[in-house]
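Written below as structure tokens is the structure these notes are about.
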Amino acid sequence: GAVVSQHPSRVICKSGTSVKIECRSLDFQATTMFWYRQFPKKSLMLMATSNEGSKATYEQGVEKDKFLINHASLTLSTLTVTSAHPEDSSFYICSAMREVYNEQFFGPGTRLTVL
Amino acid sequence: DAKTTQPNSMESNEEEPVHLPCNHSTISGTDYIHWYRQLPSQGPEYVIHGLTSNVNNRMASLAIAEDRKSSTLILHRATLRDAAVYYCILRDAGAQKLVFGQGTRLTINP
């Protein structure tokens with residue numbers, strides 16, 4: 001149990017385009033999901049907390065208009081990187097909170113490459 | 001968030017025990033100690049967590065110092081698949097966010 005999926009696993013796009021990444025909790029409901037970014041050889045950096053039915057809470061320094069988060073259902077959160085640039089190339093990882101256990105379960109990550 | 005300090009890297013041999021240390025001298029009374037690991041090109045994976053008492057599960061053991069200012073993750077018999085970055089994270093009982101530090105990169109030699 002407690003499986004979290006991400007789609008796509010890998011995406012390459014041109015500079016200036018927008019990219020949507022999906023995060024799904026497959027066997028449990030999650031009112032809270034989290035989005036992280038990880039650069040090579042670095043640790044995970046929390047970008048935002050996604051709350052079902054309400055606005056996301058962004059960490060300091062993360063542009064909310066650049067990284068749009070939608071958490072429309074209890075099993076799905078999406079992160080859209082708008083007008084992507086090469087510096088947005090990174091490994092994006094989501095996690096979903098299983099409230100009963102107050103534990104986060106992580107997705108496998110999405111590698112974004114912006115040309 | 002209270003800070004944790006871990007060695008940047010450690011190395012061990014296959015089938016030997018591994019002790020991964022974590023210092024957290026500013027831990028508060030309601031902070032739980034969580035351990036996650038991240039294999040290459042994957043999302044983090046939960047390993048174990050505890051508050052005061054030592055904990056055991058199928059993956060590892062967590063030994064917590066009596067003053068709670070340090071803890072040790074113990075892999076009883078390392079395999080090549082245990083090569084990963086191990087993160088020690090403190091999280092308040094009422095909080096949901098996990099704040100990742102730099103972790104310890106564990107290398108397992110055959």
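Return yes or no: is B:THR52 in a strand (DSSP E or B) and without any contact (Cβ under 8 Å) to a residue 60 or more places away in the chain? Spelling it out, it is not the case that B:THR52 is in a strand (DSSP E or B) and without any contact (Cβ under 8 Å) to a residue 60 or more places away in the chain.
Residues are listed down the side, and each one gets a yes or a no for (1) closer than 20 Å to A:SER43 by Cβ; (2) acidic (Asp, Glu):
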{"site": "A:ASP65", "(1), (2)": "no, yes"}
{"site": "A:ASN70", "(1), (2)": "no, no"}
{"site": "A:THR82", "(1), (2)": "no, no"}
{"site": "A:PHE91", "(1), (2)": "yes, no"}
{"site": "A:GLY109", "(1), (2)": "yes, no"}
{"site": "A:THR113", "(1), (2)": "no, no"}
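Of everything in region A:98-115, what is within 14 Å of chain B (Cβ to nearest Cβ) and either of a type in the set (Val, Ile, Thr) or under 13 Å from the mean Cα position of the chain (by Cα) (or both)? Give them in sequence order. Passing the criteria: A:VAL100, A:PHE105, A:PHE106, A:GLY107, A:PRO108, A:GLY109, A:THR110, A:ARG111, A:LEU112, A:THR113.
Of all residues in region B:70-110, those that are outside any strand (DSSP E or B) and away from every other protein chain (no Cβ under 14 Å) total 9. Checking the stated criteria, B:ARG37 turns out not to satisfy the condition of being within 14 Å of chain A (Cβ to nearest Cβ), at pLDDT 95 or above, part of a strand (DSSP E or B) and surrounded by fewer than 21 Cβ atoms within 10 Å (Cβ to Cβ).
The values are calculated or read from the model by the stated rules, or taken from the named source; none is laboratory data. Please read these numbers as outputs of a predicted model, since none were measured by experiment. FYI the Cβ positions are ideal-geometry reconstructions off the backbone, even for glycines, and counts take in every protein chain you see.
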